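The values are calculated or read from the model by the stated rules, or taken from the named source; none is laboratory data. Treat the numbers as computed from the prediction; the structure is a model and nothing was measured. No Cβ is skipped: glycine too gets one built from the backbone with ideal geometry, and neighbour counts run over all protein chains shown. Keep in mind that these areas ignore ligands, DNA and RNA; they rest on the heavy atoms of the full protein, side chains included. Shrake-Rupley method; radii C 1.70, N 1.55, O 1.52, S 1.80 Å.
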Amino acid sequence: MADQRLEPVGNIIDIKHVSKWFKDKQVLDDVNLSVKKGEFVTILGPSGCGKTTLLRILAGFETATEGEILIAGEDITQTPPHKRPMNTVFQRYALFPHLNVFDNIAFGLKLKNFKSDIIEEKVHRALKMVGMTDYEHRDVNSLSGGQQQRVAIARAIVNQPQVLLLDEPLAALDLKMRKDMQMELKEMHKTLGITFIYVTHDQEEALTLSDTIVVMSEGVIQQIGTPTDIYNEPKNCFVADFIGESNILNGTMLEDRLVRFMDTDFKCVDEGFGCNVPVDVVIRPEDIYIMTPTENAMLTGKVTSCIFKGVHYEMTVVTPNGYELMIQDYHAFEPEQEVSLIIKPSDIHVMEKERTCNTFGAVVEDDTHIEMLGASFECLPHGLEKGTEVKVEVDFNKIDLTDDKEDGVLEGNVHLILYKGNIYHLTIVTDEHDHLYVDTNDVWDDGDMVGINIKPEDMRIIHD
Amino acid sequence: MRQKILRFFTRRSTWASPYILFLLLFVVLPLILIGLYAFMDYEGRFTVSNFTKFIEQPEALNTFIYSVGMAIVTTCLCILLGYPAAYILSDKEFNTSKTLVLLFILPMWVNILIRTLATVSLFDITGIPLGQGALLFGLTYDFLPFMIYPIYNTMTKIDKNLIEAAQDLGANHLQVFVKVIFPLSLPGVLSGIMMVFLPTISTFAISELLTMNDIRLFGSIIQENIMLSDTMNYGAALSLIMLLIIGITCLFDNSSKDSQLNQGGLI
């Protein structure tokens with residue numbers, strides 16, 4: 001009880017240091033999140049990032065391996081789902097096939113022993129809210145996908161939960177229907193005043209609906225912020241790449257407000273990184289000005305493709321030194337056309353690099369072999385004793401990937417691909433769940449199985 | 001020409017013909033014969049006396065009623081024993097491997113007569129007298145897997161999301177069972193009943209063996225009559241009556257399937 005008073009006022013949900021393991025696989029890693037009452041929070045991430053698991057832990061269908069969850073200051077980490085003050089809208093609707101629309105919606109109310117006239121009134125109101133009046137006695141199997149989803153929403157909100165959990169509720173609907181439902185959900189959120197926790201992999205949906213977006217990847221929260229924050233100030237390459245279109249480039253922060261990328265110095269507005277620090281640079285395709293060749297151009301290049309996208313054209317421009325940029329503009333420039341490019345300092349977004357090379361923990365096996373990442377690697381003679389623990393650094397571009405996984409010392413899957421203008425930056429996950437970061441010019445696909453090799457001379461063995 | 005032959009051999013109907021022939025010879029033809037014999041006396045004259053005999057002579061009718069009673073009791077016992085078993089088996093957390101299911105289904109692999117004979121010797125060894133109790137035990141033991149399997153099958157097919165949805169809406173374990181799992185498992189119970197109730201009425205070997213031929217079920221009566229040439233027509237009539245009753249119950253099953261989904265909500 002004493003703890004309850006210490007909780008910050010206004011937070012309806014507090015997720016504290018929540019981790020989740022399925023057997024030996026970690027799906028959530030130290031997740032911390034606070035949600036204010038009445039907020040519309042979207043948990044956004046690619047499939048397998050742990051967003052659904054987080055929602056299921058909130059609903060009570062899974063229990064957190066570590067950490068705690070508080071609702072309005074009250075610890076509910078071990079509370080079973082039927083005692084939690086929240087309701088869920090499931091991705092595949094999960095309507096009871098043996099009940100009609102009315103009985104589906106009344107399910108929760110009947111369990112709470114409401115009087116039948118009150119139930120009737122509440123169900124009518126919920127149906128009106130989702131625009132399904134007169135459907136009470138319909139068989140749920142005779143409804144379309146959109147109608148089933150409306151019934152599912154009505155079934156949840158009729159209980160007036162403190163928090164409404166929505167697990168990709170619109171994923172199964174077609175585009176037009178999805179857009180309509182988005183607007184209706186937003187409207188509903190306004191009128192009901194209930195806190196919405198919405199899980200989706202659709203970044204556009206997240207930007208449209210939310211007050212706050214939580215971007216997740218690999219079980220870790222990458223960034224929490226308003227849609228504009230997330231879009232304009234992405235914290236790392238993953239967020240920049242996942243939200244909207246972007247050009248991500250390797251750069252160097254020369255000094256405050258001066259960054260060098262694509263072999264050119266640019267003025268920017270970022271400071272505090274230090275001098276000559278490697279950074280990632282993000283430029284949104286709509287922030288690059290494209291024009292016929294002029295004197296004061298910052299960059300020149302040649303258009304290689306131009307696609308009409310409805311409102312704008314999407315063009316690819318290659319600079320003389322081989323960098324590719326994606327540009328969106330209302331004016332079309334035909335392929336093969338020479339163009340000039342201008343980027344405003346405020347449109348250059350500089351991000352700290354999460355890492356500049358691979359670092360692995362390793363153990364010396366003998367003078368020419370070390371054990372790391374669960375395999376034995378050949379290395380240059382180092383004169384260290386067997387069993388010594390060392391660190392090994394390998395540059396991104398010094399890891400060789402082979403098509404045939406048998407050819408590698410180690411096997412892995414391509415997990416994430418970032419195009420950095422002239423090079424692909426891949427994240428490889430090994431069978432032991434270790435991560436390797438590789439720069440390559442070869443084209444790989446997400447999920448490809450690869451063999452991994454590292455040459456002895458490319459390993460820097462650090463012993464301290 | 002070659003194309004025509006090729007088309008003939010690649011048609012689906014061509015491939016079905018061996019079985020259709022089998023069906024005509026061994027199912028349809030005997031059915032017609034039963035129908036004909038049922039309306040004939042042993043000299044081959046047309047008559048309905050076989051049917052009036054069934055109503056007038058209490059023996060066959062009584063056996064029939066008794067058989068139905070035994071079938072009902074057996075079916076109830078099978079449901080009582082089989083439903084919880086199927087429910088436990090369908091719980092994936094409890095039943096991680098399929099071995100347990102196999103163990104429950106295994107008796108289905110052993111011939112029903114062999115199982116019955118084994119039951120008889122089991123009663124002999126333990127010194128429990130054979131009779132109605134032994135018959136009920138034997139019937140339940142023989143038909144239990146046929147009840148478990150369909151229920152288990154429907155239960156494993158229940159969408160796990162529905163159970164979570166019910167929990168989410170405030171249902172505890174008991175309420176989830178009563179309001180979701182039970183109504184959705186009813187189709188399985190119904191096919192279980194079909195698989196147990198109907199064969200029990202017409203069984204004869206089991207009742208002969210387990211009651212030392214003391215209690216006779218409807219199947220025994222039919223068998224006895226068919227074996228003798230002068231009552232063969234009466235046996236045919238009895239078969240026809242049983243067929244009709246089975247047919248009517250099956251129709252009832254079909255018509256109830258549509259309303260099944262709605263009915264479940266009332267429970």
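Yes or no: the range A:350-369 includes at least one residue that is modelled with pLDDT of 90 or more, surrounded by fewer than 18 Cβ atoms within 10 Å (Cβ to Cβ), out of contact with any helix residue (DSSP H, G or I) (no Cβ under 8 Å at 6 or more places or on another chain) and of a type in the set (A, V, I, L, M, F, W, C).
yes
Which of the residues that make up the range A:127-145 are in contact (Cβ under 8 Å) with a residue 12 or more places away in the chain and either surrounded by fewer than 19 Cβ atoms within 10 Å (Cβ to Cβ) or within 12 Å of chain B (Cβ to nearest Cβ) (or both)?
Taking the range A:127-145 as the starting set, the residues that turn out to be in contact (Cβ under 8 Å) with a residue 12 or more places away in the chain are A:127, A:129-132, A:135-141, A:143, A:145.
Result: A:Gly131, A:Glu136, A:His137, A:Arg138, A:Asp139, A:Val140, A:Asn141, A:Leu143, A:Gly145.
Per-residue answers, yes or no, for (1) of a type in the set (S, T, N, Q); (2) without any contact (Cβ under 8 Å) to a residue 60 or more places away in the chain:
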position	(1), (2)
A:His189	no, no
A:Ser217	yes, no
A:Ile221	no, no
A:Ala240	no, no
A:Cys275	no, yes
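For the range A:45-64, what are the residues that are more than 14 Å from chain B (Cβ to nearest Cβ) and either over 18 Å from A:Val199 (Cα atoms) or in contact with a strand residue (DSSP E or B) (Cβ under 8 Å, 6 or more places away or on another chain) (or both)? Write out each step before concluding.
Taking the range A:45-64 as the starting set, the residues that turn out to be more than 14 Å from chain B (Cβ to nearest Cβ) are A:45-51, A:54, A:64.
A:Gly45, A:Pro46, A:Cys49, A:Gly50, A:Lys51, A:Leu54, A:Ala64, listed by residue number.
State yes or no: is A:Gly387 under 22 Å from A:Asp241 (Cβ atoms) and surrounded by fewer than 16 Cβ atoms within 10 Å (Cβ to Cβ)?
It is false that A:Gly387 is under 22 Å from A:Asp241 (Cβ atoms) and surrounded by fewer than 16 Cβ atoms within 10 Å (Cβ to Cβ).
Can you confirm whether the range A:161-172 contains a residue that is at the interface with chain B (Cβ under 10 Å from one of its Cβ atoms), in a loop (DSSP other than H, G, I, E, B) and open to solvent by less than 50 Å² (accessible area, probe 1.4 Å)?
Initially, the range A:161-172 is screened for residues at the interface with chain B (Cβ under 10 Å from one of its Cβ atoms), giving A:161, A:165, A:167.
Narrowing the set further to residues that are in a loop (DSSP other than H, G, I, E, B) leaves A:161.
Now narrow it down to the ones that are open to solvent by less than 50 Å² (accessible area, probe 1.4 Å): A:161.
Yes, the range A:161-172 contains a residue that is at the interface with chain B (Cβ under 10 Å from one of its Cβ atoms), in a loop (DSSP other than H, G, I, E, B) and open to solvent by less than 50 Å² (accessible area, probe 1.4 Å).
Can you give me the number of residues within the range A:65-84 that are within 24 Å of A:Ser19 (Cβ to Cβ) and facing chain B (nearest Cβ under 10 Å)? Explain how you work it out, then say what you get.
Step one: filter the range A:65-84 for residues within 24 Å of A:Ser19 (Cβ to Cβ), giving A:65-81, A:83-84.
Retained after the next criterion (residues that are facing chain B (nearest Cβ under 10 Å)): A:80-81, A:83-84.
Counting residues in the range A:65-84 that are within 24 Å of A:Ser19 (Cβ to Cβ) and facing chain B (nearest Cβ under 10 Å) gives 4.
Restricting to strands (runs of 3 or more DSSP E) lying wholly in the range A:190-251: which have 3 or more residues that are within 23 Å of A:Val429 (Cβ to Cβ) and open to solvent by less than 50 Å² (accessible area, probe 1.4 Å)? I'd like the intermediate steps shown before the answer.
Details: elements: A:195-200, A:212-217, A:220-225.
Strands (runs of 3 or more DSSP E) meeting the threshold: A:212-217, A:220-225.
Going by the structure shown, is A:Glu411 without any contact (Cβ under 8 Å) to a residue 24 or more places away in the chain and acidic (Asp, Glu)?
Taking the combined requirement at face value, the residue does not satisfy it.
On the basis of being free of Cβ contacts under 8 Å to residues at least 60 places away in the same chain, in a strand (DSSP E or B) and either in the same structural domain as A:Leu416 (by TED's automatic domain parsing) or open to solvent by 40 Å² or more (accessible area, probe 1.4 Å) (or both), does A:Ile307 make the cut?
Answer is yes for this residue.
List, please: which pairs have Cβ atoms under 7 Å, are six or more places apart or on different chains, and start with a residue in the range B:64-87 that is on the phi < 0 side of the Ramachandran plot and of a type in the set (Gly, Ala, Ser) and end with one that is surrounded by 23 or more Cβ atoms within 10 Å (Cβ to Cβ) and at pLDDT below 90?
B:Ser67/B:Leu217; B:Ser67/B:Phe218; B:Ala71/B:Thr200
Just need a number here: residues in the range A:72-92 that are open to solvent by 20 Å² or more (accessible area, probe 1.4 Å) and either touching a strand residue (DSSP E or B) at 6+ places or on another chain (Cβ under 8 Å) or without any contact (Cβ under 8 Å) to a residue 60 or more places away in the chain (or both). Walk me through how you get there before you give the answer.
First, pick out the residues of the range A:72-92 that are open to solvent by 20 Å² or more (accessible area, probe 1.4 Å): A:72, A:74-75, A:78-80, A:82-83, A:85, A:91-92.
Filter once more, keeping what is either touching a strand residue (DSSP E or B) at 6+ places or on another chain (Cβ under 8 Å) or without any contact (Cβ under 8 Å) to a residue 60 or more places away in the chain (or both): A:72, A:75, A:78-80, A:82-83, A:85, A:91.
Residues that pass the stated criteria total 9.
Looking at (1) within 14 Å of chain A (Cβ to nearest Cβ); (2) over 26 Å from A:Pro80 (Cβ atoms), which one does B:Lys179 not meet, given that it meets all the others?
Status for B:Lys179: all satisfied but (2).
Which number in (1) open to solvent by 20 Å² or more (accessible area, probe 1.4 Å); (2) touching a residue at least 24 places away in the same chain (Cβ under 8 Å); (3) outside any helix (DSSP H, G or I) marks the one condition that A:Ile69 misses?
In the conditions (1) open to solvent by 20 Å² or more (accessible area, probe 1.4 Å); (2) touching a residue at least 24 places away in the same chain (Cβ under 8 Å); (3) outside any helix (DSSP H, G or I), A:Ile69 misses (1) alone.
For the range B:27-49, check the following and say yes or no: at least one residue is under 30 Å from B:Tyr141 (Cβ atoms) and either exposed (fewer than 11 other Cβ atoms within 10 Å of the Cβ) or not acidic (Asp, Glu) (or both).
Yes - at least one qualifying residue is present in the range B:27-49.
I'd like to check something: does the range B:133-145 contain any residue that is open to solvent by 20 Å² or more (accessible area, probe 1.4 Å), within 14 Å of chain A (Cβ to nearest Cβ) and either within 30 Å of the chain's Cα centre (by Cα) or within 25 Å of B:Pro199 (Cβ to Cβ) (or both)?
For the range B:133-145, residues open to solvent by 20 Å² or more (accessible area, probe 1.4 Å), within 14 Å of chain A (Cβ to nearest Cβ) and either within 30 Å of the chain's Cα centre (by Cα) or within 25 Å of B:Pro199 (Cβ to Cβ) (or both): absent.
Out of all the residues in the range B:10-20, is one or more in contact (Cβ under 8 Å) with a residue 40 or more places away in the chain and either among the charged types (D, E, K, R) or farther than 21 Å from B:Met242 by Cα (or both)?
There is no residue in the range B:10-20 that is in contact (Cβ under 8 Å) with a residue 40 or more places away in the chain and either among the charged types (D, E, K, R) or farther than 21 Å from B:Met242 by Cα (or both).
Residues of the range A:96-126 being facing chain B (nearest Cβ under 8 Å) and out of contact with any His (no Cβ under 9 Å at 6 or more places or on another chain), which ones?
Start the filter on the range A:96-126 by keeping residues that are facing chain B (nearest Cβ under 8 Å), which leaves A:96-100, A:103, A:107-108, A:111-112.
A:Phe96, A:Pro97, A:His98, A:Leu99, A:Asp103, A:Phe107, A:Gly108, A:Lys112, listed by residue number.
Any residue in the range A:13-28 that's more than 27 Å from A:Phe40 (Cα to Cα): show its pairings with residues that are among the polar types (S, T, N, Q) and outside any strand (DSSP E or B) at Cβ separation under 8 Å, as long as the two are six or more apart or on different chains.
Cβ pairs passing all conditions: A:Trp21/A:Thr65.
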